[in-house]
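Worksheet: the structure to be examined is printed underneath.
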Amino acid sequence: MSNQFARQLSLTSFPPNSQNLNSLCSNGELREALVEMAVQGLEMKFEGYYTLLNECVNRRAFREGQRVHAHMTKTCYLPPMHLRTRLIVFYNNCECLNDAQRVLDEMPVRNVVSWTAMISAYSKRGTEPNEFTFATVLTSCNGACAWGFDLGRQIHSLIIKTKFESHIFVGSSLLDMYAKLLGLDEEALELFRLLQREGMTSNYVTYASVLTALSGLAALDLGRQVHNHVLRCELPPYVVLQNSLIDMYSKCGNLTYSRRIFDSMPERTVISWNAMLVGYSKHGMGKEVVKVFKLMKEENKVRPDSVTFLAVLSGCSHGGMEDRGLEYFYEMAEGENGIEPELEHYGCVVDLLGRAGRVEEAFEFIKKMRFEPTAAIWGSLLGACRVHSNVEIGEFVGFRLLQIEPENAGNYVILSNLYASAGRWEDVRNVRELMVEKAVIKEPGRSWIELDQILHTFHASDRSHPRREEVSAKVKELSVKLKEAGYLPDLGCVLYDVDEEQKEKVLLGHSEKMALAFGLIATPEGMPVRVIKNLRICVDCHNFAKLVSKIYGREVSLRDKNRFHHIVGGTCSCGDYW
DNA sequence: TTAGGGTTAG
């Protein structure tokens with residue numbers, strides 16, 4: 001059907017009525033609104049599309065949003081830049097980053113807002129940077145060229161590590177950066193002016209998004225550099241930007257800086273408080289969590305929300321303050337704060353009880369919950385069963401978990417560890433066999449360490465690092481020395497069914513041991529070593545790191561998927577429960 | 001006339 005004919009048809013049969021579409025959307029009648037869109041056909045305008053798409057974004061209505069997008073294409077409607085940006089957000093919300101990227105690629109003109117939407121999507125997706133993250137961040141560096149070159153060069157060194165250099169988009173962004181920027185101040189200034197004329201300078205939102213990406217990588221030096229640039233720009237104190245600085249410093253392991261920013265803020269939102277509380281929580285500083293929460297209540301300017309309570313409860317749990325945490329939960333449940341406890345809050349309570357060794361109570365608590373327990377909740381209880389050797393409940397919970405998420409290798413390992421601790425070797429073997437049968441795939445472990453502004457990444461049994469020989473020799477040396485001091489490899493941490501000698505080899509190949517060994521080699525004696533891991537640290541590596549800190553007199557700061565482990569003189573801030 | 005992007009938690 002020709003467009004002209006279609007236009008006539010839509011005009012003759014139903015008069016366009018964008019008000020109708022608006023009211024349908026505000027009544028939440030998305031289906032009817034889509035019918036209205038079809039009826040309006042070629043008469044659809046920005047306003048109608050925008051209303052519809054917004055509704056789809058809010059509801060994460062993937063199919064419906066797709067139909068809106070398809071309608072634009074079919075009717076040859078050319079969306080203006082801000083509508084395309086909304087499409088990017090829509091696809092990102094539905095976790096369709098490829099579609100979002102395609103929208104961005106096809107935009108005739110992009111500006112800082114469209115780039116920022118994409119940057120934040122990639123950094124939200126997880127801590128794993130990929131070719132698109134780098135390309136987007138690099139382009140943003142070019143946009144803010146006053147700090148772009150130094151930062152860009154460092155990001156380049158990250159890219160080399162991840163072998164994305166040859167990716168066409170990344171490569172061209174890099175070339176672009178090197179071609180456009182140098183140490184040539186005048187040229188840089190000229191470009192800066194040019195980009196400003198094009199509206200491509202970064203603003204506080206872009207900085208906030210870039211900082212989020214860097215906090216995921218725990219790239220402290222890079223983050224500090226962005227902060228320095230923000231300071232040089234003499235921007236007014238934007239709460240959002242300061243919040244992301246608090247978060248960046250805490251995720252990079254530097255809570256003192258987070259607190260300094262927090263204290264200097266002329267105004268704080270609930271997010272500022274939450275970011276600070278989450279920071280203390282992840283660092284296992286329960287007392288500070290309680291102090292800051294008290295301060296928040298005393299100041300009485302900002303009302304705690306459900307995230308605040310999540311941070312406080314998990315802070316008490318991570319900081320070993322079980323009773324205090326339970327008090328807060330009951331305070332919450334009594335409705336004093338006007339916040340209804342949600343599933344996640346119940347999860348914290350299971351954690352708190354489990355940590356305190358009150359496994360039966362935790363089990364009863366789950367049974368009485370008004371929510372269907374999730375894998376995370378059972379998983380937390382199973383962990384408690386392992387630590388406190390409660391085979392009876394652990395067995396029940398373990399089988400429950402294997403039903404809910406049979407693909408998760410961690411569950412099989414914990415269950416088999418639990419059987420092993422009770423000497424039930426036949427059951428250990430059965431669980432292992434079951435695991436092999438279900439073809440469980442485990443996310444590969446990866447650890448990294450930042451030295452002189454370069455990230456050194458290690459994969460389990462990695463052979464790719466230029467100093468690999470030195471590193472594996474150091475790991476072996478460490479294992480010999482630590483054994484003299486009582487280190488006993490925890491063979492239960494090994495997933496494969498191989499002989500004991502092999503198991504020990506597998507353990508010594510864990511990525512965090514290599515990163516730690518590399519840190520010992522590459523930094524001066526007595527310096528703290530800072531390691532970041534993508535998964536939760538295993539029991540064996542935790543023991544290993546504790547002994548290293550004791551024997552070598554090194555402070556070890558290890559950020560895993562869940563929290564920080566500050567290990568000093570053989571003791572860890574997590575109290576061996578994580 | 002404008003309309004789009006952002007910060008904590010999961």
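The values are calculated or read from the model by the stated rules, or taken from the named source; none is laboratory data. Note that this is a predicted model, so its numbers are computed, not measured. Positions of Cβ are generated from backbone atoms using ideal geometry, with glycine treated the same way; all protein chains shown enter the neighbour counts. Accessible surface is based on the protein model in full, side chains and every heavy atom, while ligands, DNA and RNA are left aside. Shrake-Rupley method; radii C 1.70, N 1.55, O 1.52, S 1.80 Å.
Can you name the residue in region A:98-109 that is buried (at least 20 other Cβ atoms within 10 Å of the Cβ) and within 29 Å of A:Ala218 (Cα to Cα) and is also farthest from DNA strand B (Cβ to nearest atom) among such residues?
Pass one, region A:98-109, residues buried (at least 20 other Cβ atoms within 10 Å of the Cβ): A:100-101, A:103-104.
Imposing the further condition that a residue be within 29 Å of A:Ala218 (Cα to Cα) reduces the set to A:100-101, A:104.
Working: A:Ala100: 11, A:Gln101: 15, A:Leu104: 11 Å.
Looking at the filtered set, the residue picked out is A:Gln101.
In region A:254-271, how many are open to solvent by less than 30 Å² (accessible area, probe 1.4 Å) and either within 7 Å of DNA strand B (Cβ to nearest atom) or of a type outside the set (S, T, N, Q) (or both)?
Selection size over region A:254-271: 4.
In region A:225-284, how many are in a helix (DSSP H, G or I), of a type in the set (Gly, Ala, Ser) and either touching a Leu at 6+ places or on another chain (Cβ under 7 Å) or closer than 17 Å to A:Leu211 by Cα (or both)?
The total comes to 6.
Looking at region A:195-209, which of its residues are modelled with pLDDT under 75 and open to solvent by less than 70 Å² (accessible area, probe 1.4 Å)?
A:Leu195, A:Gly199, A:Met200, A:Thr201, A:Ser202, A:Thr206
Conditions first: (1) open to solvent by 70 Å² or more (accessible area, probe 1.4 Å); (2) of a type in the set (Ser, Thr, Tyr); (3) at pLDDT below 85. A:Tyr50 passes all but one, so which condition is the exception?
(3)
Residue-by-condition table, conditions (1) outside any loop (DSSP other than H, G, I, E, B); (2) surrounded by fewer than 22 Cβ atoms within 10 Å (Cβ to Cβ); (3) in contact with a Lys or Arg (Cβ under 7 Å, 6 or more places away or on another chain):
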{"residue": "A:Ser317", "(1), (2), (3)": "yes, no, yes"}
{"residue": "A:Asn337", "(1), (2), (3)": "no, yes, no"}
{"residue": "A:His345", "(1), (2), (3)": "yes, yes, no"}
{"residue": "A:Asp351", "(1), (2), (3)": "yes, no, no"}
{"residue": "A:Gly354", "(1), (2), (3)": "yes, no, no"}
{"residue": "A:Glu364", "(1), (2), (3)": "yes, yes, no"}
{"residue": "A:Arg370", "(1), (2), (3)": "no, yes, no"}
{"residue": "A:Ile377", "(1), (2), (3)": "yes, no, no"}
{"residue": "A:Ser380", "(1), (2), (3)": "yes, no, no"}
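For region A:515-525, indicate whether the set of residues that are out of contact with any strand residue (DSSP E or B) (no Cβ under 8 Å at 6 or more places or on another chain), open to solvent by 70 Å² or more (accessible area, probe 1.4 Å) and under 29 Å from A:Ala218 (Cα atoms) is non-empty.
yes
Taking region A:525-578 as the region of interest, how many residues are in a loop (DSSP other than H, G, I, E, B), within 20 Å of A:Trp448 (Cα to Cα) and among the charged types (D, E, K, R)?
The number of residues fulfilling the criteria is 7.
Out of A:Val312, A:Val292, A:Val302, A:Val226, report the one residue that is touching a residue at least 40 places away in the same chain (Cβ under 8 Å), among the β-branched types (Val, Ile, Thr) and more than 8 Å from DNA strand B (Cβ to nearest atom).
Of the residues listed, the single one that is touching a residue at least 40 places away in the same chain (Cβ under 8 Å), among the β-branched types (Val, Ile, Thr) and more than 8 Å from DNA strand B (Cβ to nearest atom) is A:Val226.
May I ask you to verify whether A:Met44 is modelled with pLDDT of 90 or more and surrounded by fewer than 21 Cβ atoms within 10 Å (Cβ to Cβ)? Give the steps one after another, and end with the answer.
Details: modelled with pLDDT of 90 or more: yes; surrounded by fewer than 21 Cβ atoms within 10 Å (Cβ to Cβ): no.
Taking the combined requirement at face value, the residue does not satisfy it.
Condition (residue is more than 13 Å from DNA strand B (Cβ to nearest atom) and farther than 30 Å from A:Val556 by Cβ) applied to region A:236-252: is it met by at least one residue?
no
Going by what's in this entry, would A:Val359 be described as open to solvent by less than 40 Å² (accessible area, probe 1.4 Å), within 13 Å of DNA strand B (Cβ to nearest atom) and β-branched (Val, Ile, Thr)?
no
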